[in-house]
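This structure is in structure tokens; I'll ask about it shortly.
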């Protein structure tokens, strides 16, 4: 979970400034999309079309489409479940912002 505060609001704006952005799904999102038969066994390229704060301001949410999806559906997932292409201007900053929450998630799953 990313706590939105004064330090992370500029990140949200930098992410918006680089849209649309290419990305791919991290393992939990990939598994979810596969279990719902939205995608096949390969990892598709995602196109992030919007970013916004979550309901309680606890996460940065991403609206994305799946490249090559004939239905052109739009999905929403937290930034922690999406890996932005490294060439994006805010990719490193986004990775640093989600790193603490990803490590907490890994600690919880080991117990």
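For the structure I just gave you, tell me whether residue 86 is out of contact with any helix residue (DSSP H, G or I) (no Cβ under 6 Å at 6 or more places or on another chain), part of a helix (DSSP H, G or I) and modelled with pLDDT under 90.
Here the answer is no, as residue 86 does not meet what is asked.
Please determine, by comparing only the residues of region 56-67 that are out of contact with any strand residue (DSSP E or B) (no Cβ under 8 Å at 6 or more places or on another chain) and either under 18 Å from residue 44 (Cβ atoms) or surrounded by 11 or more Cβ atoms within 10 Å (Cβ to Cβ) (or both), which one is modelled with the highest pLDDT.
Once the filter is applied, the top-ranked residue is 58.
Run down 46, 30 and say which single residue is modelled with pLDDT of 90 or more and either out of contact with any strand residue (DSSP E or B) (no Cβ under 8 Å at 6 or more places or on another chain) or not in a strand (DSSP E or B) (or both).
Residue meeting the stated conditions: 30.
Quick one: count up the residues across region 25-43 that are in contact with a helix residue (DSSP H, G or I) (Cβ under 8 Å, 6 or more places away or on another chain) and within 22 Å of residue 72 (Cβ to Cβ).
6
Evaluate the following for residue 76: is it surrounded by 12 or more Cβ atoms within 10 Å (Cβ to Cβ) and either at pLDDT 90 or above or in a strand (DSSP E or B) (or both)?
The answer is no for residue 76.
The values are calculated or read from the model by the stated rules, or taken from the named source; none is laboratory data. Note that the structure is predicted; figures quoted are calculated from it, not measured. All Cβ positions, glycine included, derive from the backbone under ideal geometry; neighbour counts span all protein chains shown.
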